[in-house]
Every structure is written in C-alpha cells, then in structure tokens.
Amino acid sequence: MKAILSADKNWGIGYQNRLLTRIPSDMKFFRETTTGRVVVMGRKTLESFPNGLPLKNRTNIVLTGNKDYDVKDAVIVHSKEELLEELKKYSPDDIYVIGGESIYRMMLPYCDTVYVTKIDHAFQADTFFPNLDEMDEWVMTEESEEQTCFDLEFTFTKYERR
C-alpha cells in the first residue's frame, strides 16, 4: 500500500479542508499515479473534491463514522476493520491512501511507500502528515530536481519503509 500527498516544509497538508496550494504538475502526477487504482480517503477529503464527487477512473473507498452516508460510485466503510477487510479485495500495489490527516495516520503503518511533493514554503495549515524525515523506519529513496511553480519551489520525493 502507498500514500500520496503534497506537504509544505512543516509537513502541513491542508487548511480548512482545502489543499494548501494547487501546483499543476503535482496534480498531474497525482492523477497519473492514481488513475485506474484504488484511492482510500476520509469523508472530508471526498467532500473537498469538486462537487464532493468521487475521483473518476478510480475505485474510491471512503471511511466515515456516519452509517447513513452514501455516495454514488464510492465504496463506503465505517471502521478501520471494515476498511482493512475491503482492501483485501485489491492488490496492495494498487492502493493509494490520499487523506486526510487521520486516515494517513491510521494507514501509514500499512504503507511501504509514500510519494510526497515537498513544497519549500510554510503555509498556514491545520492538518499535517507525520514527518517521515524524523522516523527511523522511513528513508527518502528518490528526489527530483527542484521545480518552480510561480514563486513556489518544490520537489517530488519517494519514501520507502526500511
């Protein structure tokens, strides 16, 4: 299983249920990486998408505590146990955890790879991803050349569990 995200220099990932910034090449990387795959998210992440609709050309699995929650074209689960049972139906190589913070924290122990678009800027954030650079079990195995979008510098990185 993998996770995919963009984070600022403080590992911030969102503010008021929105991404901190939208970088076209990051959105393209996310789209190309997850299309045709399984994406795992919480309800608030789903609701942050355009019109609150599941992502096209992917199997969308949404974890929510709300037993009455229903979304067309998404698989709804209500507990970590139910989520893990649902994920057994898919190849671990095809599963991408896409947020938000509580889902990332819950599922990180099950991930072996994390793709992080690291943005060299500190935004105002209210949700964060665990700092992989401070965790002994994770090592950065790939880092792209620095890129720029408007005045933001960023790199695409890949972390793997040791």
(message) Using the Cα centre of the chain as origin and beta-carbon charges of +1 (Lys, Arg) and -1 (Asp, Glu), tell me which of ILE103, THR113, ALA74 is placed farthest towards the positive end of the dipole.
(response) ALA74
(request) Sum -39500 (n - 2.57) across every DSSP H segment of at least 4 residues in the chain, then divide by the residue count to get the 222 nm mean residue ellipticity, nearest 500. (result) -5500 deg cm²/dmol
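Under the classification rounded if a/c is under 1.5, otherwise prolate if a/b is larger than b/c and oblate if not, where does the stretch 100-162 fall, given a ≥ b ≥ c as square roots of the Cα gyration tensor eigenvalues?
Oblate.
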(request) Specify the angular offset, from 0 to 90 degrees and rounded to the nearest 10, of the alpha carbon long axis of helix 24-34 from the longest principal axis of the alpha carbons in the chain. (result) 40
(request) State which entries of LYS2/LYS56; LYS2/LYS88; LYS44/LYS88; LYS72/LYS118; LYS44/LYS158 exceed 22 angstrom in Cα-Cα distance in the structure shown. (result) LYS44/LYS88; LYS72/LYS118; LYS44/LYS158
(request) Could you check the simple spin-label distance between THR33 and HIS121, using points 7 Å along Cα→Cβ, in nm with one decimal? (result) 1.9
(message) With a 1.4 Å probe and all protein chains left in place, how much accessible area per residue does the chain have, in Å²?
(response) 56
(request) Starting from the coordinates of the alpha-carbon atoms of the chain, obtain the Kirkwood hydrodynamic radius over all distinct pairs and give the value in Å to one decimal. (result) 16.1
(request) Just the number, please: carbon plus sulfur as a percent of the accessible area of the chain, 1.4 Å probe, no ligands or DNA/RNA counted. (result) 46
(request) Restrict the search to the stretch 74-162; then list the GluC sites (Glu not before Pro) that DSSP places in a loop and that have at most 14 other Cβ atoms within 10 Å of their Cβ. (result) GLU137, GLU145, GLU146
(request) Could you work out the local net charge near GLY52, counting Lys and Arg as +1, Asp and Glu as -1, over the other residues with Cβ closer than 15 Å to its Cβ? (result) +2
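The values are calculated or read from the model by the stated rules, or taken from the named source; none is laboratory data. Everything numeric here is computed off the predicted structure, so don't read it as measured data. Don't worry about glycine lacking a Cβ; one is built from the backbone with ideal geometry, like all the others, and counts go over all protein chains shown. Heavy atoms of the whole protein, side chains included, go into the accessibility calculation; ligands, DNA and RNA do not. Shrake-Rupley method; radii C 1.70, N 1.55, O 1.52, S 1.80 Å.
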